[in-house]
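Undergrad: Take this structure, written in C-alpha cells, and hold onto it; I'll ask about it next.
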Amino acid sequence: MTNSKGISLWESGLLWFGAALSLAEMQTGTYFAPLGLKQGLIAIVAGHIIGCALLFAAGIIGGRTHKSAMETVKMSFGNKGGRLFALLNIIQLLGWTGIMIYEGALAASTLFGTGQQIWCGVLGLLIMFWIAAGRKNLGRFNVMAMGALLLLTILLSTGLFTVTESAPVSGEGISFALALELSIAMPLSWLPLISDYTRSAQNPVRTTAVSTIVYGLVSCWMYAIGLGAALTFGENDIAQVMLKSGLGIAGLLIILLSTVTTTFLDAYSAGVSSQSLFSRVNPKAVSLAVTLLGTIGAILLPLLDFTDFLYFIGSVFAPMIAVQLTDYFFTGRHYEQTAFSRHNLLLWLAGFIIYRLLMQADLPLGSTLPAMLLTMMLCAVCNALRPQENPVEVEVH
C-alpha cells in the first residue's frame, strides 16, 4: 500500500480525508438535532477533540515502533493476549463494512428507486475492485475521486444551508453526555487502524498529526451536515436530504465515492489485523472476504441504527488504549515477548465494566474520559506495585 519510502504527508491527508467523508458520519450527526444547533455543535467539536487526541497518541506509537495497530497492542497485552483485540477489531471492521454498504445502498435506492439489494451488490463489487487494484495502483484516479468528492460535498453543504425553512425534529431525545460519546466514538473506531498506515510514515509525528487533523476537521464537517439536515428538514434520512437539497446524480456520486473510499480502509485493515492472528494469511484475501461478508450482511440484516455499535466500540477500545498509553508513555513496560499479560487484560476488563457503568450514570463529560482516566490510574498503580523488571508471565512457545 505504500512505497519503500513510506507514506507521505500528502498521501496521509488524502487517505484520512476519504475516511471521514462518509454517510455514517452524516447519519450520526442527525442524532444530535434534539440538542439544537449550538449544543449539538459543541458536542461534535468537543467529542472530536478528545477522540482525535487519542487517535493521535495511537498513531504515534505505531509510527515510532513501525508496527501495525494490532502489533502495538501486543506490547501491552502479550503476544497471544493481543490476539483478542485483533479478533475484536476484525469483528468491528466487518460490522463497519456491512453498515457502510447498507447505508450507501439505502441512500442510492432512495434517490433512484432501484432495489436496495442491487445497490449492495454494486457497492460491494466497487470496494472489492478498489482492494484488488490497490490504492497506489489507482494513482491519479484516486486523487480525482477525492477532488470530486470534496466538490460534491461542498455542493451538498451549500444546498443545505441556503434553505431557509425549518422543520420540527423527529425521533427520541439525546442527552449532551451521550451525544459527546457518539462524537468521541467515531474517531475512536479508527484507533485500532491508524498504525496500519503511520507505521510506514516518513515522519511519524507529522504524518500522524496530518492524519488526525484532516480526519477531525472533515469528520466534524460531516457531523455538522447531518445536524444541519435534521434541523432544516426534520429529516434523518441523508438520501432525502440530498433530494430536498436538489442533488440527483451528484448525490449518487457522493454516496458511491464516500462509501468506497471509507469502506476500503475498513476492509484493508481487517486484512492487516488478521496477520496478528495468523501470520501466513493473505491480507488482501481476508480484505476481499470481509467485503463479501459485509455485502451479504448488508443485504440480509437491518443495519440502519448503529448507535449501540458505536457505544460498544468505545467501551472496548477506550480502556485498551488507556492501558497502551500508560505502558508506552509512562511506565515503559513491554509484554510482547510473553503470551499473556494477565494484569493488563484484567485492567482492560475493569475499564470495560467502568465504561458501561458510567454510561448508565450519564455524566456531563460522558463515559470515555472518566473511564480512561480511572483505567490509567489503576494501570499506573498496578505497575508501581510490581517489580521494575519485566514481570513473570506465561512464556511464548
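Undergrad: How much accessible surface does Val281 have with a 1.4 Å probe, in Å² rounded to 10?
TA: Rounded to the nearest 10, that gives 40 Å².
Undergrad: Now a separate question. By its C-alpha gyration tensor, with a ≥ b ≥ c as the square roots of the eigenvalues, how is segment 193-236 shaped: rounded for a/c under 1.5, else prolate for a/b larger than b/c, else oblate? Before the final figure, lay out each step's value.
TA: Numbers: a/c = 7.84, a/b = 3.55, b/c = 2.21.
Judged from the Cα gyration tensor, segment 193-236 comes out prolate (a/c at least 1.5, a/b above b/c).
Undergrad: Would you work out what percent of the accessible area of the chain, with all protein chains in place, is carbon or sulfur (probe 1.4 Å)? Provide the component values of the computation, followed by the final result.
TA: On the way: 10710 of 15820 Å².
It is 68 percent, rounded to a whole number.
Undergrad: Anyone know which of Leu54, Leu155, Leu347 comes out most mobile in the 10 Å Cα GNM of the chain?
TA: Leu155
Undergrad: Mind telling me which of Thr263, Thr331, Thr295 comes out most flexible in a GNM of the chain, alpha-carbon contacts under 10 Å?
TA: Checking each option, the largest mean-square fluctuation is seen for Thr331.
Undergrad: Which shape class, rounded, prolate or oblate, goes with segment 287-392 when its Cα gyration tensor gives a ≥ b ≥ c as root eigenvalues, a/c under 1.5 marks rounded, and past that a/b bigger than b/c marks prolate? Could the numbers behind the result be given before it?
TA: Values: a/c = 3.38, a/b = 1.56, b/c = 2.17.
Since a/c reaches 1.5 but b/c is at least a/b, the shape of segment 287-392 is classed as oblate.
Undergrad: Please work out whether segment 1-103 counts as rounded, prolate or oblate from its C-alpha gyration tensor, where a ≥ b ≥ c are the square roots of the eigenvalues and a/c under 1.5 means rounded, while otherwise a/b larger than b/c means prolate and anything else oblate?
TA: Details: a/c = 1.79, a/b = 1.58, b/c = 1.14.
Prolate is the answer for segment 1-103, as a/c is 1.5 or above and a/b outweighs b/c.
Undergrad: Just how much of Ile118 is accessible, in Å², when a 1.4 Å probe is used and the result is rounded to the nearest 10?
TA: 100
Undergrad: Once the whole set of protein chains is in place, how much accessible area is left on Arg356, using a 1.4 Å probe, in Å² to the nearest 10?
TA: 90
Undergrad: Against the longest alpha carbon principal axis of the chain, how many degrees, from 0 to 90 and to the nearest 10, is the axis of helix 116-133 turned?
TA: On a 0 to 90 degree scale, this one is about 50.
Undergrad: Can I ask one more? Which whole-number percent gives the relative contact order of the chain, counting Cα pairs below 8 Å spaced six or more residues apart?
TA: Details: 662 pairs, mean separation 132.3, N = 397.
Worked out over the chain, it gives 33 percent.
Undergrad: Could you put Ile91, Ile174, Ile60 in order of accessible surface area, largest first, with the 1.4 Å probe and the full protein assembly present? Spell out each step's value before the answer.
TA: On the way: Ile91 95, Ile174 35, Ile60 5 Å².
Largest accessible area first, the list is Ile91, Ile174, Ile60.
Undergrad: Count the lysine pairs in the chain whose Cα atoms sit under 18 Å apart, keeping only pairs 8 or more residues apart in sequence or on different chains.
TA: On the way: Lys5/Lys67; Lys5/Lys136; Lys67/Lys80; Lys136/Lys284.
Close lysine pairs found across the chain: 4.
Undergrad: Rounded to whole Å and sorted largest first, list the principal axis extents of the Cα atoms in the chain.
TA: Result for the chain: principal-axis Cα extents of 65, 47, 39 Å.
The values are calculated or read from the model by the stated rules, or taken from the named source; none is laboratory data. As the structure is a prediction and not an experimental result, all values here were calculated from the model. SASA here: full protein model, heavy atoms, side chains in, ligands and nucleic acids out. Shrake-Rupley method; radii C 1.70, N 1.55, O 1.52, S 1.80 Å.
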